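Written below as structure tokens is the structure these notes are about.
The values are calculated or read from the model by the stated rules, or taken from the named source; none is laboratory data. Remember, it's a predicted structure, so these values are computed and weren't measured experimentally. Here the Cβ positions follow ideal geometry from the backbone for every residue, glycine too, while neighbour counts run over all protein chains shown.
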Amino acid sequence: MRNLPLPARSSLLPALLAVAGLLCPLDVARAAPQAAPATPAKAALEQPGWKLAPPKEQFEVEKVVDGDTVHILRAGKLEKLRLNCVDTEEKLATNSNDPTKPSTVFGEDCAQWAAKFFADLAEPGQKPKVGLLFANGMEERDVYGRLLCHLILPDGRNFNLLLVELGKSPYFNKYGNDLVCHQAFVDAQARARKAQKGIWDPKTNVPTTEGAPSARRPYERLLPWWDARATAIDGYRAAVKKDAAHVAAADMPHELERVLETSAKGEDVEIFGTIQRIFREDDGSVTVLFRTGDKLPAFRAKFAREHVGSFEKLKLDQRDDEEFVQNYLWVRGRVVKGPRGFDMSCDDASKWRVAGPEPIEPAAAKR
């Protein structure tokens, strides 16, 4: 994504934003603009399901990339943040052709709105400041190295939740239901949809003249898919909590190390994850590479040539990061340390199972 620099807090800001607005065609319907007052009334501060608490430690905002990605200065270093459980639409400049996340006019609007929102937080002559909140108090990063977090505003509001309340973003639970305030997100999205705010406005991103940008994100299909994945992840969370010695996620090396010890005792363990790629080796065997973070040791499930028939029965290639199907799987067996991570030999299709429900078809989805 192209970085959107944080606007200077000056009298030129409205003019600059007006010029930026010209980048988006005027003949495309937009959601009604929602201002970000610097000192909202007390009633406006309330967020149902969220307890307002100003952050004890605050960090300067250095750059606003878009609605869900912000850069801050922390411990003297630039830290890139990816906000948990939100996923704003792509800006026009990204030229995204991904049908599940295309570049949209509303994505451009949201990026500009976010830049102004944070600029308005700043005290005269200073940069805006925010606090960070991590699920279970643990810092985690995405595959791009960005710090995953909730961003807490100086007045105690949860900015992630605010994006959903305003219809700037859906509740993005593709990678699991939020561990901080799941129900608050669910309720906020329901209210935003009922009020047809932002992305839920039927007129948003709908062109009024031929040739204008017309991409729209297919939320009617995305939300059931994300919910199905979140249900699978809930199952994993419950399983590892109940029996951590026998359960591990493929993208959690410390959990794989733990079940490695269990396997060494001659006991089967279960691995949870999604497929990154399937390799048909020159010797006739098949290797199923599970998804993990960049530069982390990976987990591989291997079918020897004589057991490839079992692999074919599973039809795993239909779940190889495909959209709108359940992607998460469980595989049972014994883990050993391999030359490039962790390996498991597979000889029986019955040791594999889909980890959660399939997404409900849009026509049947009750939302």
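Some points to look at:
- Pairing each residue of segment 261-285 that is farther than 22 Å from Glu322 by Cα and free of Cβ contacts under 8 Å to residues at least 40 places away in the same chain with any residue that is basic (Lys, Arg) and not in a loop (DSSP other than H, G, I, E, B), provided the two are 6+ apart or on different chains, yields C-beta distances under 7 Å for Asp283/Arg305; Gly284/Arg305; Ser285/Lys302; Ser285/Arg305.
- Per-region count, segment 182-198, residues on the phi > 0 side of the Ramachandran plot and free of Cβ contacts under 8 Å to residues at least 60 places away in the same chain: 1
- Hey, Asn173 buried (at least 18 other Cβ atoms within 10 Å of the Cβ) and either over 16 Å from the mean Cα position of the chain (by Cα) or in a loop (DSSP other than H, G, I, E, B) (or both) or not: yes
- Those strands (runs of 3 or more DSSP E) of segment 298-347 in which at least 2 residues are free of Cβ contacts under 8 Å to residues at least 60 places away in the same chain, considering only elements entirely within it, cover 298-303, 341-346.
- Residue among Arg82, Arg157, Arg141 that alone is buried (at least 17 other Cβ atoms within 10 Å of the Cβ) and closer than 29 Å to Phe272 by Cα: Arg82
- In segment 204-215, the residues that are of a type in the set (A, V, I, L, M, F, W, C) form Cβ pairs under 6 Å with partners that are surrounded by 11 or more Cβ atoms within 10 Å (Cβ to Cβ) and at pLDDT 85 or above, at six or more places apart or across chains, as follows: Ala215/Pro102; Ala215/Thr104.
- Residue match in segment 200-208 (condition: assigned to a helix (DSSP H, G or I), out of contact with any strand residue (DSSP E or B) (no Cβ under 6 Å at 6 or more places or on another chain) and modelled with pLDDT of 95 or more): yes
- For segment 107-118, the criterion of being in the same structural domain as Leu161 (by TED's automatic domain parsing) and surrounded by fewer than 18 Cβ atoms within 10 Å (Cβ to Cβ) is met by none of the residues.
- Selected residue (criterion: surrounded by the most Cβ atoms within 10 Å (Cβ to Cβ)) from residues of segment 272-298 that are farther than 23 Å from Arg237 by Cβ and hydroxyl-bearing (Ser, Thr, Tyr): Ser285
- Segment 249-273, subset assigned to a loop (DSSP other than H, G, I, E, B) and over 28 Å from the mean Cα position of the chain (by Cα), residue farthest from Leu329 (Cα to Cα): Lys265
Quick grid of which residues meet (1) aliphatic (A, V, I, L, M); (2) assigned by TED's automatic domain parsing to the domain that holds Tyr144; (3) at pLDDT 95 or above; (4) out of contact with any Asp or Glu (no Cβ under 9 Å at 6 or more places or on another chain):
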position	(1), (2), (3), (4)
Ala245	yes, no, yes, no
Ala250	yes, no, yes, yes
Thr274	no, no, yes, no
Ile278	yes, no, yes, no
Gly293	no, no, no, no
Asp317	no, no, no, yes
Leu329	yes, no, yes, yes
Arg332	no, no, yes, no
Phe342	no, no, yes, no
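- Unmet criterion (only one of (1) within 21 Å of the chain's Cα centre (by Cα); (2) part of a helix (DSSP H, G or I); (3) of a type outside the set (Phe, Trp, Tyr)) for Gln276: (2)
- For Phe159: the one exception among (1) more than 24 Å from Arg237 (Cα to Cα); (2) among the aromatic types (Phe, Trp, Tyr); (3) touching a helix residue (DSSP H, G or I) at 6+ places or on another chain (Cβ under 6 Å): (3)
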